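Bear in mind that the values in this text are calculations on the coordinates, not laboratory data. All figures in this text were calculated on a predicted structure; none of them were measured in a lab. Positions of Cβ are generated from backbone atoms using ideal geometry, with glycine treated the same way; all protein chains shown enter the neighbour counts.
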Amino acid sequence: MTINIHSIESMGALDGPGLRTIFFLKGCPLRCLYCHNADMLSFEGGEKWTIDDLVKEAKKFISFYGDDGGVTISGGEPLAQGKAVLELIKRLKKESIHTCIDTSGAPFNKEILSEVDMVLLDIKHTDKDKYQELVSYKMEDMIKTLEFLQTNKKRFWIRQVIVYGFTQNEAQVKKLKEMSKGAEKIELLPYHAMGVKKWKAAGLEYKLEGVKPPTEKAMLALRKIIE
């Protein structure tokens, strides 16, 4: 069994607790307007890694993980390579390596959510119509994922990118806080345009060109809501 990998980062400190090895998978069913990894959207290309080799790669850094670190499976969208990702998680856990997925929650995958130690769930928007406008995908799978995490008392963090015209308003962030009951942490991430070149290189139209990142003052005001 193989997994289609875009790239691997060692000693990452931004994708879950502690120091982590991060596997970035190729392919995603969403089309977020602000995506900064447009080169990972397609399920074509990438490099096929066996699960054995991925486990060996993760074990190279096991002495650095400590009590908090481990492996984060990101993307792309890890839930889109369901069977292989589930097997990878099981194998990593046999090696006593903490597992985490960084996901949009789509497609919904009960087996992976049950097995993984922790989830970073990116809630793109709290309004279903704005959600679909922003990512070209219905929000039902994300809701199922969120409700599963809450009902089963799984460990999870919530993330959201703050984009002018979409998520950058107080009412939306207040609703995000209400939706995120049970989360250990809510992270608000400022929109940036560093991925524009990747969109153009892939021959894709970047529809948010000209949209400016939120100011530090705006981000501070929104973060105070979730405190």
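Each of the peptides 47-60, 156-169, 99-112 was scored by the mean count of other Cβ atoms within 10 Å over its residues; in descending order, highest first, they stand as 99-112, 156-169, 47-60. By the beta-carbon count within 10 Å of each Cβ, the least crowded to most crowded order of H125, H6, fewest first, is H6, H125.
With R₀ set to 30 Å, the beta-carbon distance separating K128 from K93 gives a calculated FRET efficiency near 0.30. Under a Gaussian network description of the chain, with springs only between Cα atoms under 10 Å, the residue in G69, G210, G195 that fluctuates furthest is G210. Derived from the Cα gyration tensor, the three semi-axes of the equivalent ellipsoid of the stretch 2-225 are 27, 21, 17 Å, largest first. Exposure proxy ranking for F24, F61, based on other Cβ atoms within 10 angstrom of each Cβ and starting from the fewest, stands as F61, F24.
For the stretch 94-208, the Kirkwood radius over C-alpha pairs fed into Stokes-Einstein at 25 °C and 0.890 mPa s yields D = 161 µm² per second. As a proxy for reagent exposure, S96, S180, S74 were ordered by neighbouring Cβ count within 10 angstrom, fewest first; the result is S96, S180, S74. Of all aspartates and glutamates in the structure, the ones whose alpha carbon falls short of 12 Å from that of K59, not counting any fewer than 8 places away in one chain, are E95.
Label-to-label distance for E147 and K56 is 4.4 nm, based on points extended 7 Å past Cα in the beta-carbon direction.
Taking Lys and Arg as +1 and Asp and Glu as -1, the other residues whose beta-carbon sits under 13 Å from that of I226 total +3. For the residue pairs K177/K212; K56/K90; K128/K177; K154/K175; K110/K177; K130/K207, the alpha carbons lie more than 18 Å apart in K177/K212; K154/K175; K110/K177.
Database note for the chain: Cys without another Cys beta carbon under 4.7 angstrom, C28, C100.
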